[in-house]
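Step one of this worksheet: look at the structure below.
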């Protein structure tokens, strides 16, 4: 069994049911975290939970905000927990033809800023360049492994 994430008649991703369900559950988590809708919803076959339509405008805003959020965090646990989901979201956006700019911060910039979540012990924060490089690499890997 599998799921379909599509824009109109174009299938962007056709994951196994387990992977698709996990992705959708993570979508809900990050919609709440960002306070933004993802743009992923019921598809053209109402009553079929395995077909999901992606609204390009809403998804673009969600993906862009998610990438900025991810690239600006300095918390190593949050980075680890979110990297795979953000990379998958980014790869799906690329497939939809959505331009998602990855923040280009100078190589000496340290991730973070106003911190709600303080990391203890206070390990050195990763540089923004390291986070951006890791995200780009992971998104390319995800794109290669995501069935259509």
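For this structure, a couple of remarks:
Results for (1) in contact with a helix residue (DSSP H, G or I) (Cβ under 6 Å, 6 or more places away or on another chain); (2) not in a helix (DSSP H, G or I), shown as yes or no for each residue.
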{"position": "26", "(1), (2)": "yes, no"}
{"position": "37", "(1), (2)": "yes, yes"}
{"position": "62", "(1), (2)": "no, no"}
{"position": "84", "(1), (2)": "no, no"}
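- Residue 57 being modelled with pLDDT of 90 or more, farther than 21 Å from residue 140 by Cα and not in a strand (DSSP E or B): yes
- Members of segment 4-52 found to be crowded, with 17+ Cβ neighbours inside 10 Å and over 18 Å from the mean Cα position of the chain (by Cα), listed by number: 43
The values are calculated or read from the model by the stated rules, or taken from the named source; none is laboratory data. Owing to the predicted nature of the structure, the values given are computational and were not obtained by experimental measurement. Cβ: placed from backbone, ideal geometry, glycine included. Neighbour counts: every protein chain shown.
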